[in-house]
Amino acid sequence: MNFYPSCMKSLPLLWSRPETPHDAPQDNREDERHDFDDSVLQKIVGLSRARAWEIVGGLSRPSKMPCYSWGIPAQSCITGSKLAQVEGSVCQRCYALKGFYRYPKVQQAYQRRLDRSGDPRWVEAMVKLVYWQTAETGTPYFRWFDSGDLQSVEMLRNICAVAVGTPEIRHWLPTREYRMVEAFLENESLPANLVVRISAALIDGQPAHSLGLPTSTVHRAIAPPESTVCVARESEPVNCGTCRSCWDDAVRKVSYPLH
Ligand code: SF4
């Protein structure tokens, strides 16, 4: 059984034509407001890109990825912050706890996205931004959690609602919060266009519980059998190129070389 917000049922109609930021100012034409009551106007116009950006707190643009991403502070990872204390864990070497990610402005941006994730218009705003970023990048993919991880079953449910609202876009969500995913799957199902990849906790390890979902691992020298090895580091600068394995449900195991 699915429990997506009832407002999502009409969203694919609302977003049938992706808008560019250049379209956004037209959303505020006051003279047309006299012709419709608010609910009709909302269905026709929806949120402007600028308003959606404000509600969500913005997106990030990882240079490696073909698309934008939504993330939150790595320090907020529930399982990851415990794993960060464990020798040999992937989280101990987390890229999102180092370098660029430590700049105050970057940290503030990720914190802002976490703080605003409970906004009642968050799903609608994210649908808008996912379509906007697709028009901007020309690629129908979206990455969840370039930093951070799921905070609750409710957060996963809202992300599913965003995927349902953007059926032409493929979403990839890596997570170590398998218990939250498991709790979600007890009564609900994942949208077909959302690949939730259960990530291993330890370098050269396997996820303890994959829940039958695709997985990802990190290896030092030899990738686990039957894994697709990430090729992003074979390019300079590091990038996915034409590879979209992480978004592909048929690619059951992806392994990243340790760097
Ligand atoms: S496996 Fe492919 S899609 Fe995934 S991060 Fe590596 S290059 Fe990108």
Point to revise | Filtered residues of region 94-103 (kept if surrounded by fewer than 17 Cβ atoms within 10 Å (Cβ to Cβ) and either over 22 Å from the mean Cα position of the chain (by Cα) or not basic (Lys, Arg) (or both)) | key: Tyr95, Gly99, Phe100, Tyr103
Review point. Looking at region 145-157, is at least one residue farther than 18 Å from Arg113 by Cβ and either touching a residue at least 40 places away in the same chain (Cβ under 8 Å) or buried (at least 20 other Cβ atoms within 10 Å of the Cβ) (or both)?
Key: no
**Study point:** Single condition Phe184 does not satisfy, out of (1) crowded, with 19+ Cβ neighbours inside 10 Å; (2) within 14 Å of the chain's Cα centre (by Cα); (3) more than 23 Å from Val86 (Cα to Cα)
**Key:** (2)
Point to revise | Test: Leu47 is away from the ligand (no atom under 16 Å from the Cβ), among the hydrophobic types (A, V, I, L, M, F, W, C), more than 23 Å from Tyr141 (Cβ to Cβ) and modelled with pLDDT under 95 | key: no
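Considering only residues that are assigned to a loop (DSSP other than H, G, I, E, B) and over 16 Å from Arg176 (Cα atoms), look in region 209-226 and name the one that is nearest to the ligand (Cβ to nearest atom).
Of all residues in region 209-226, those assigned to a loop (DSSP other than H, G, I, E, B) come to 209-214, 220-226.
Of the ones still in play, those that are also over 16 Å from Arg176 (Cα atoms) are 220-226.
Working: Arg220: 17, Ala221: 18, Ile222: 17, Ala223: 11, Pro224: 14, Pro225: 17, Glu226: 14 Å.
The extreme case among them is Ala223.
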Exercise for review: Return yes or no: is Pro191 closer than 24 Å to Cys67 by Cβ, in contact with a Cys (Cβ under 6 Å, 6 or more places away or on another chain) and at pLDDT 95 or above?
Suggested key: yes
Revision key, fill the gap. Looking across region 227-259 at residues that are near the ligand (Cβ under 7 Å from one of its atoms) and more than 16 Å from Pro174 (Cβ to Cβ), the single one that is surrounded by the fewest Cβ atoms within 10 Å (Cβ to Cβ) is Gly241
Review point. Is it the case that some residue within region 188-208 is free of Cβ contacts under 8 Å to residues at least 60 places away in the same chain, touching a strand residue (DSSP E or B) at 6+ places or on another chain (Cβ under 6 Å) and within 13 Å of the ligand (Cβ to nearest atom)?
Key: yes
Review point. So which residues in region 75-93 are surrounded by 20 or more Cβ atoms within 10 Å (Cβ to Cβ) and assigned to a loop (DSSP other than H, G, I, E, B)?
Key: Cys77, Val90
**Study point:** Which listed residue, of Ile55, Ile72, is away from the ligand (no atom under 16 Å from the Cβ) and in a loop (DSSP other than H, G, I, E, B)
**Key:** Ile72
**Study point:** Filter result for Ser199 (surrounded by fewer than 20 Cβ atoms within 10 Å (Cβ to Cβ) and hydroxyl-bearing (Ser, Thr, Tyr))
**Key:** no
Check your understanding: Within region 171-180, is there a residue that is buried (at least 24 other Cβ atoms within 10 Å of the Cβ), more than 16 Å from the ligand (Cβ to nearest atom) and either closer than 24 Å to Leu47 by Cα or hydrophobic (A, V, I, L, M, F, W, C) (or both)?
Key -> no
Practice item. Could you please tell me which pairs satisfy a Cβ distance under 6 Å, a separation of 6+ or placement on different chains, a first residue in region 211-237 that is touching a residue at least 60 places away in the same chain (Cβ under 8 Å), and a second residue that is assigned to a strand (DSSP E or B)? Key: Val218/Tyr256
Point to revise | Set Ala109, Ala96: member being within 14 Å of Ser147 (Cβ to Cβ), within 16 Å of the ligand (Cβ to nearest atom), touching a residue at least 40 places away in the same chain (Cβ under 8 Å) and not in a loop (DSSP other than H, G, I, E, B) | key: Ala96
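The values are calculated or read from the model by the stated rules, or taken from the named source; none is laboratory data. In this text, all values refer to a predicted model and were calculated from it rather than measured experimentally. A quick note on method: Cβ atoms are made from the backbone with ideal geometry, for glycine too, and the neighbour counts reach across all protein chains shown.
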